[in-house]
Amino acid sequence: MKTPLTYKTAIEAVSIIEPGNRVYIQGSAQTPTHLLQAVAKQADRLRDVEFVFITVYGDIQINRPEFANRFKINSLFVSASIRSAVNEGRADYVPVFLSEIPDLFKNNILPIDVALVQVSPPDKHGYCSLGVSVDVARSAVNTAKHVIASVNPNVPRTHGDGLISVDEFDSIVFCDDPLFEARYSDRVGEVELKIAEYVSGLIDDGSTLQMGIGAIPDAVLRTLVNHKNLGMHTEMCSDGVIDLYEKGVINNKCKQVHPNKGVSAFALGTKRLYDFVDDNPAVHFLDIDYVNDPHIIRRNDKMVAINSAIEIDITGQVCADSIGTYQYSGVGGQMDFMRGAALSKGGKPIIAMPSRTNKNIPRIVPFLKPGAGVVTTRAHMHYVVTEYGVAYLFGQNLRQRAKALINIAHPDDRENLEKACFERFKIF
């Protein structure tokens, strides 16, 4: 690196933002809350600034009710930080496949004026890393008119698409905040482990895995210690992959795309995970429009996609983003991988979920709730797994699907489902 970095304060850096700008916020573990707090302090000056992002963590401040008439939030996913704002009408949500978000930036559908990111300290060549959140951040940085980077020594230097020269930054801020952590293993109980046993039974040696977010994917990873030669091509990874890498279970030898390397778009877990991926050539973080492209995903034989759902009706329609009209999350990458796995030679697209919610509300239902969004259509469905077994829906007619799903529903829900099945299909 030729010259030392010149740091600005967060307030000085965000002064580049002007009223009416559209601002991208890097998310997940690397949400730059200190920059957003500086933006909030300039709310009177920055009226009509629009913020776009996927998942954000921490106290981002811009979502507070007092800023509703000053800032516009136009989220591409709904995470806990903005769930209330979206459902109260103080923020908006854009339904979109994760794989297509970069196109919104590149094709000027949502052109970015300013991108806010956190990066690792520069290496000897002057390159910083987007760390564990490359996903859509890479495209946002590529297309933004201005980039504000917060250099944080806690951001791991990851291999792949996330390397950026310091020359590309308009302003640089220093911070030493820890990355946000998520502990999915804490949520794993008996039900999740039973589901994981069924799912692991569907996974052949030599398979390549995509794991969605949450306790069930983490539980599945625990049950794979006796498998061999697994690969990783996933939009996100969590702590569960570490032990499998260290035991040699995940070695990526059988992959057709990026053999010998695991591929992810972002990581969310504990500091142990962030330390594991730091300067680790066995894991590459790549742009989401590549990682989640079904045409890329299908090229890996035995591709297994493991995702979850809020509810599924007896014909196989999957709602994974809302509870009726209540927007809970987003479309995300579920369909990208469900379709890619279905097209893969020997691939298996799997929806895995408990038969009931934590409040004992059935997840397998006669009809989706009014206003519920269908994320994965019934035509795309293959495997559904609950703690009561596996239902295979592909090639099955509506009556056969209903019977298969009733067989893996909670026992106390089956009688009502059978009645609904009889009323709809006249048989059971």
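Bear in mind that the values in this text are calculations on the coordinates, not laboratory data. Here the structure is a predicted model, which is why all the values come from computation and not from measurement. So basically every Cβ, Gly included, is an ideal-geometry build from the backbone, and we count neighbours across all protein chains shown.
Tabulated data
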| item | result |
| --- | --- |
| Hydrodynamic radius (Kirkwood) for the stretch 1-41, which is based on Cα pairs only, to one decimal in Å | 11.9 Å |
| Computed [θ] at 222 nm, deg cm²/dmol, the chain (DSSP H ≥ 4; -39,500 (n - 2.57); rounded to nearest 500) | -7000 deg cm²/dmol |
| Relative contact order for the stretch 10-174, counting Cα pairs under 8 Å that sit 6 or more residues apart, in percent | 22 percent |
| For the stretch 10-174, the Rg and Dmax computed from alpha carbons only, in angstrom | 14.7, 48 |
| Euclidean distance of C-alpha centroids, the stretch 14-62 and the stretch 202-248, integer Å | 35 Å |
| Over the stretch 353-428 - Rg/Rh using Cα atoms and the Kirkwood inverse-distance radius | 0.93 |
| Mean projection area, nm², convex hull over Cα of the chain | 19.8 nm² |
| Excluding exposed DSSP-loop trypsin sites (Lys or Arg not before Pro) (at most 10 other C-beta within 10 Å), longest clean stretch of the chain | 125-358 |
| Qualifying aspartates and glutamates (Cα of each under 13 Å from Cα of K145; at least 8 residues distant if same chain) | E18, D113, E168, D170 |
| Proportion of all alpha-carbon pairs of the stretch 142-224 beyond 19 Å (%) | 60 percent |
| Listed pairs K359/K426; K253/K302; K41/K72; K228/K302 exceeding 20 Å between Cα atoms | K359/K426 |
| Kirkwood Rh, angstrom, the stretch 185-425 [1 / mean 1/r, Cα pairs] | 18.0 Å |
| Rounded FRET efficiency, nearest 0.05, which uses the C-beta distance separating Q42 from N358 and R0 of 56 Å | 0.85 |
| Qualifying GluC sites (Glu not before Pro) for the stretch 77-186 [loop in DSSP, other Cβ within 10 Å: at most 11] | E88 |
| Order of S171, S84 - criterion: other Cβ atoms within 10 Å of each residue's Cβ, fewest first | S84, S171 |
| Tail fraction, Cα-Cα pairs, the stretch 299-353, threshold 12 Å, whole percent | 65 percent |
| Rg to Rh, two decimals, where the stretch 303-426 supplies the alpha carbon set and Rh follows Kirkwood | 0.94 |
| Cα centroid of the stretch 88-118 to Cα centroid of the stretch 259-279, whole Å | 24 Å |
| Alpha-carbon centroid distance for the pair the stretch 281-353 / the stretch 175-191, whole angstrom | 22 Å |
| The stretch 185-425 - percent relative contact order, Cα under 8 Å, separation 6 or more | 17 percent |
| Whole-number percent relative contact order across the chain, with pairs defined as alpha carbons under 8 Å at least 6 apart | 13 percent |
